[in-house]
Structures are given as structure tokens and as C-alpha cells.
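Notes to accompany the following structure.
Just so it is clear, none of the values below were taken in a lab; they were calculated from the coordinates. Since we're looking at a predicted model, the values are computed, not measured. Cβ placement follows ideal geometry from the backbone for every residue including glycine, while neighbour counts extend to all protein chains displayed.
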Amino acid sequence: MPMKECEVSYFQELQEKSGVLILIDVRESDEFGEVSAPCAKNYPLSTLDVQKVLSDLGLNSESDQSLYFICRSGRRSASAAQKFIDAGFENTYNLLGGMMKWQELGLPTRSTPHEQIS
């Protein structure tokens, strides 16, 4: 099944209308901490476990809930979306342009300072 793509602006419209979209940010946790979409959940691509994500979200491959993936520019999120498609979860969308486009459009962001581990 071919990967579906979604413009960041269209995702934002859908989010404002429904408020229940699931956005998964696959950047590393330090990148996510610097700036992220307020509604995003962080699951770094480097350690991405499809079954764990689905379990955490209360979903399975039969769910009709859509998952939207974002990264910095759209490359890592495309890889993540493909992992879910390969695992049989077809309702996946890659957000084109990633956080770069998100910020360019002036959409809301948040930062989460990281605690130093000593």
C-alpha cells in the first residue's frame, strides 16, 4: 500500500476541527525537547517499536484511527510511517515538510527543557 502524505496546514485544520488526531514525532528526544507540536507524542525513529506504540495508544492493526508522523523535514517520518504500513497499520500519514514547515507556518509549538542526568 502506498504511503499517504498530508500537508502540515491540512493537518492543523483537521486538528482544530476534531481535536483527536494522533501526531507522532519521530525525532530524537533532544530535538523534540527543543521544539515540538503541542499535540505530538515522541517516539524516536532510532528506537521505534511499532507494537509498543500501538499498545501505548490502545490501538492495533485493525484500528481505523489514523496516525500522523512528523520529524524535522519529512524523511524520518516517512520511514516511520512505512514501518507501520509494513506491520499492517495502513492509516498512516507523513506530514510533508515536518517541523520546519510547522514553524514556517507559525503554528503553535512548545519546548520541554531536559533535565541533566548526572
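Quick notes on this structure:
- Order by protection proxy (mean Cβ within 10 Å, highest first), peptides 45-53, 31-39, 90-98: 90-98, 31-39, 45-53
- In sequence order, region 59-69 has phi-based couplings of 10, 9, 5, 8, 5, 9, 5, 8, 10, 10, 10 Hz under the Karplus curve 6.51 cos²θ - 1.76 cosθ + 1.60, θ = phi - 60°, and Gly or Pro positions carry x.
- Extent of region 42-108 along its three principal axes (Cα atoms, max minus min coordinate, largest first): 35, 23, 18 Å.
- Here the chain is treated with +1 on each Lys and Arg Cβ and -1 on each Asp and Glu Cβ, and its dipole about the Cα centre works out to around 140 debye.
- Length gained on full extension, residue 3 to residue 79: 26.4 nm, using 0.36 nm per residue less the C-alpha separation.
- Mean ellipticity per residue at 222 nm, deg cm²/dmol - from DSSP H runs of n ≥ 4 across the chain, formula -39500 (n - 2.57): -10000 deg cm²/dmol
- The lysine pair count for the chain, using Cα distances under 21 Å and pairs eight or more places apart or on different chains, is 10.
- 13 Å beta-carbon shell around residue 83, net charge (K/R +1, D/E -1): -1
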